[in-house]
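The values are calculated or read from the model by the stated rules, or taken from the named source; none is laboratory data. Everything quoted here is computed from the prediction, not taken from an experiment. Cβ placement follows ideal geometry from the backbone for every residue including glycine, while neighbour counts extend to all protein chains displayed. When the accessible area is computed, the model is the full protein with side chains, heavy atoms only, and any ligands, DNA or RNA have been set aside. Shrake-Rupley method; radii C 1.70, N 1.55, O 1.52, S 1.80 Å.
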Amino acid sequence: MASRLPESTCFGAFTPSDLAPLLGRGDDVKVDSPADLALNSQRRAATCNIYVDGKSGVLAWAKWQPVGQEFHWPLDDLNAESIPAVENGKVWDTGAAAGISCQGSEEPFQLELWLSGSISGKKSTDTRVLLTGLMQKYADYAKRQNQCRA
């Protein structure tokens, strides 16, 4: 399955082996994603969806927003846990999210990142461990792509 993905995918943030556990088995793989994750006040969002046999296997999206807007995450029912290595990072059985503050070259801004997928037939703790690692990689990549300074 992973061999059917481009060398880098979802804005260039992940390799096929990063995402392989979330894609399961299937014959037809389709990646719907822009080439990069460079966001700003004109290009406020980007979405990557990887479909396996017509079903979403991995969904990653990012949103640019001005400083001061709150992140609205209805995660109470999902038993979400914190991701200590990621600013405002949360992980649950089928996804992860982060809210990152950035100082850009012109103005401060925030990035809201979401990632979802699950490993069929695995314990939720295995999926949470995988999603935690992927969110750490995704957050680091998003900061680089958007030239975030602390």
Quiz item: So which residues in the stretch 78-98 are touching a helix residue (DSSP H, G or I) at 6+ places or on another chain (Cβ under 6 Å) and open to solvent by 50 Å² or more (accessible area, probe 1.4 Å)?
Solution: Ala85, Asp93
Quiz item: Which condition number in (1) farther than 21 Å from Tyr51 by Cα; (2) in contact (Cβ under 8 Å) with a residue 24 or more places away in the chain is the one that Gly117 fails?
Solution: (1)
Practice problem: Please work out which residue is modelled with the highest pLDDT, limiting yourself to the stretch 32-56 and to residues that are open to solvent by less than 50 Å² (accessible area, probe 1.4 Å) and β-branched (Val, Ile, Thr). | Solution: Ile50
Practice problem: Identify the residue in the stretch 57-77 that is open to solvent by 70 Å² or more (accessible area, probe 1.4 Å) and at pLDDT below 85 and, among all such residues, is farthest from Leu115 (Cα to Cα). | Solution: Gln69
Quiz prompt | Subset of the stretch 9-37 [in a loop (DSSP other than H, G, I, E, B), closer than 25 Å to Gly104 by Cα and under 14 Å from the mean Cα position of the chain (by Cα)] | solution = Cys10, Phe11, Gly12, Ala13, Ser33, Pro34, Asp36, Leu37
Quiz item: Out of (1) of a type in the set (A, V, I, L, M, F, W, C); (2) out of contact with any helix residue (DSSP H, G or I) (no Cβ under 8 Å at 6 or more places or on another chain); (3) open to solvent by less than 60 Å² (accessible area, probe 1.4 Å), what's the single condition that is false for Leu111?
Solution: (2)
